[in-house]
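Single-structure report; data block below.
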Amino acid sequence: MKKIGINVKRKLIQIAAFGFTNSKLANFSKGNIYTGNWKQFCNPGLNCYSCPAATYACPIGAMQAVAGSMNYRFSFYVVGFLLAVGVLFGRLICGYICPFGLIQEVIHLLPVKKIKIPKWMTYIKYAVLLVFVIILPAAVTNYMGIGKPTFCQYICPAGTLEGGIPLLSTHSELRQTLGHIFSLKITILVLVVIGCCFVYRFFCKTLCPLGAIYGLLNKVSFYHMTIDDHKCIHCGKCASVCKMDVNPVKECDSAECIRCGKCVESCPTDAIHLGFRDKKSSQ
Amino acid sequence: MDSKTKRAMRYLTLVSAFAFMAYGVTRGEVSVVLNKAVNICLECIGLG
């Protein structure tokens, strides 16, 4: 019997995770969002909580909501959740669970020339995390001490796509209040969609603050990659198949690796291992 | 980073993560998250 490839398995898990985090599909036609108790829990991936189908809270939105609230400047609850998920799985979440990651991969299927981005662009997401998610919501507050979720407000293309467009299409009263911020957000969404056509996971690589958090934790996470130096013949196949532009042999703990497993499948000597345990090195 | 340090970092981060979550829950952050998530977030959809 033919073995199912890692890419097919990954796609099936991504679709299942997408459905699990966006199970309230009937809300699209009603123009409502889900208001049940599941929303007190965060989703591990980036998924706008104003998406009509969303079942859980977006961790990046939730972190800013708490930091910008009247009583708190920092969210121990959400940061703790992200640290736990990140240290257990690292960027495996990006590769297998994140709904916006799947959307970007679908866009990337469009038959246009594929390009790579320069390495410096991958550092932008750390600045986005620091400035728009951590500092601004807590530091820029009104007279009541309430801050704004600045990443959601000025950048997040997932919010515009999953929440903005569906809700504005069903609420005429909301459409009447559209202004410059919506124009900015639509422009960013269009740029991200164009970027995703040419660059694999353009948003994950350059702008995603959640990817930045999980990327840093990739270096110490329980789920990790190991290279068997005795088996590796340095053929370079793993680096050539990697769509995140990582060379696993040089950097198996790279913050950019989304643990998709393509390199593991491509390795002719079975030298790359992904898992919670270290694989014993062969002599 | 050697494997011993890495292992120590893993467990330290995991323990801190659960301590953070527990502290966040006890000081009432969950209700802030729920309150934000069950109302249409005007900033998220571009009206903020």
Yes/no for A:N47 being assigned by TED's automatic domain parsing to the domain that holds A:I165, in contact with a Phe, Trp or Tyr (Cβ under 6 Å, 6 or more places away or on another chain) and either under 18 Å from B:K36 (Cα atoms) or of a type outside the set (S, T, Y) (or both): no
When residues of segment B:20-39 are limited to those that are at the interface with another protein chain (Cβ under 7 Å from one of its Cβ atoms) and aliphatic (A, V, I, L, M), the one nearest to A:L88 (Cα to Cα): B:M21
Enumerated helices (runs of 4 or more DSSP H) restricted to segment A:209-283, each holding at least 1 residues that are more than 25 Å from B:S16 (Cα to Cα), more than 14 Å from chain B (Cβ to nearest Cβ) and among the hydrophobic types (A, V, I, L, M, F, W, C): A:237-241, A:262-266
Flag if A:G45 is at negative phi, assigned to a helix (DSSP H, G or I) and of a type outside the set (A, V, I, L, M, F, W, C): no
Any chance A:Y96 is of a type in the set (S, T, Y) and at the interface with chain B (Cβ under 9 Å from one of its Cβ atoms): no
Any helices (runs of 4 or more DSSP H) falling wholly within segment A:82-184 and containing at least 1 residues that are modelled with pLDDT under 95, closer than 27 Å to B:F18 by Cβ and more than 18 Å from the chain's Cα centre (by Cα): A:136-139
Qualifying residue in segment A:6-29 (condition: surrounded by 20 or more Cβ atoms within 10 Å (Cβ to Cβ), charged (D, E, K, R) and under 20 Å from the mean Cα position of the chain (by Cα)): no
Out of A:K205, A:K185, sole residue that is crowded, with 18+ Cβ neighbours inside 10 Å, of a type outside the set (A, V, I, L, M, F, W, C) and within 9 Å of chain B (Cβ to nearest Cβ): A:K185
Residues located in segment A:170-182, provided they are at the interface with chain B (Cβ under 10 Å from one of its Cβ atoms), farther than 10 Å from A:T160 by Cα and surrounded by 13 or more Cβ atoms within 10 Å (Cβ to Cβ): A:H171, A:L174, A:R175, A:L178, A:I181
Residues within segment B:7-48 that are of a type in the set (D, E, K, R), surrounded by 15 or more Cβ atoms within 10 Å (Cβ to Cβ) and under 30 Å from A:E251 (Cα atoms), tallied: 1
Count of segment A:48-73 residues which are part of a loop (DSSP other than H, G, I, E, B) and either small (G, A, S) or facing chain B (nearest Cβ under 7 Å) (or both): 8
Single unsatisfied condition, A:K39 versus (1) of a type in the set (K, R); (2) more than 10 Å from chain B (Cβ to nearest Cβ); (3) under 14 Å from B:V32 (Cα atoms): (2)
Odd one out for A:F76 among (1) without any contact (Cβ under 8 Å) to a residue 12 or more places away in the chain; (2) more than 14 Å from every other protein chain (Cβ to nearest Cβ); (3) hydrophobic (A, V, I, L, M, F, W, C): (2)
Boolean, A:N32 is surrounded by fewer than 24 Cβ atoms within 10 Å (Cβ to Cβ), at pLDDT below 95 and under 26 Å from A:S221 (Cβ atoms): no
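The values are calculated or read from the model by the stated rules, or taken from the named source; none is laboratory data. Model, not experiment: these values are computed from the prediction. Please note: Cβ atoms are built from the backbone with ideal geometry, for glycine as well, and neighbour counts cover all protein chains shown.
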